[in-house]
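Below: one structure, written as structure tokens.
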Amino acid sequence: MSMKSAATAFAKAVGIYGSKTASASDIAAEISTLAGGQAQRETALAQAEEDRRVAVLSGNAAKVAAAETALATARREIEHAGILLDGLRTRLADAEAAEAEAVRQERYDRARALHDALLKEMPAIWKRLGTDARQLAERMAQAHELIEEANNDLPAGGTRIADPDVIIRGRLAADEEIVDARIVNCWCRPHSGRRLSDDYAARVQPYDDGRTGYLTTAQGVIGGSGGSEQVELRPFRRERYRASVSIDNPETSLRDIAAMLAPPQPPLTKADRPILERFTPA
């Protein structure tokens, strides 16, 4: 490596080290570049030592002086590269810690915002549902009493009237159905093993090993250049399924409850039940 090219490489490394806007990925890339040049510097040092040996044996003072200068330069380049690598690795550890914390803070802020929004919305929703439920209960009580009286004294040719509550429950009830299941590789956090959501997984920048990578933040963390967090691929069992539906099931959604409160409708079909996904560690 020539003195000019070495000076350029070192200047870039110094710039990355001192930059307040350099992300962890920027620093890691510079470490890779600088470390990759060490083999060439070692080769240059070995050649400089051999050149000095030849010069000393030649007895030519000018050649010896030139060889000594070249050898000193080769040694200095290796030493400087080592110092820069140590400094960059320290900066990388600090940047990764800061950016991982920024990812956690971003996730926490989103969760807190959604939490606060629901706290504001839910009282009115539950109040409205409570009113609808009370009104429905009153009408159902009236219907049960009248239907029972009618069924106990049917008119000529009349057939018994079924309980509408039982009909609606039966039409909307459905067992869980597994559509398909297979093992897939998913990005997750190494320590918790929790799978990344699709929007976070889309931000992952894989390493060359194909098994690990960086999770980059949507917005920059250090000076706006983007943050990162270590992630890795792990096998998960992905199931695509249609959830069970029952008014007695606490997991039944508000949409399902609303459907149960709607006017009579045809029996529930597969088309009425969306296909959902869930992942469990394989």
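Read-outs: derived from the displayed coordinates by stated rules, not from any lab. Here the structure is a predicted model, which means the values were calculated and not measured. Here the Cβ positions follow ideal geometry from the backbone for every residue, glycine too, while neighbour counts run over all protein chains shown.
General remarks:
- Mean Cβ count within 10 Å, highest first, over the residues of peptides 99-109, 203-213, 150-160, 229-239: 229-239, 99-109, 203-213, 150-160
- Under 11 Å, Cβ to Cβ, from ALA67 - net charge with Lys/Arg +1 and Asp/Glu -1: -1
- Extension gain, ASN152-MET122: 0.36 nm per intervening residue step, less the Cα-Cα distance, totals 6.4 nm.
- Local electrostatic count, ALA95, Cβ distance below 12 Å [Lys/Arg +1, Asp/Glu -1]: -4
- When peptides 134-145, 68-79 are sorted by average Cβ neighbour count within 10 Å, with the highest value leading, the order is 68-79, 134-145.
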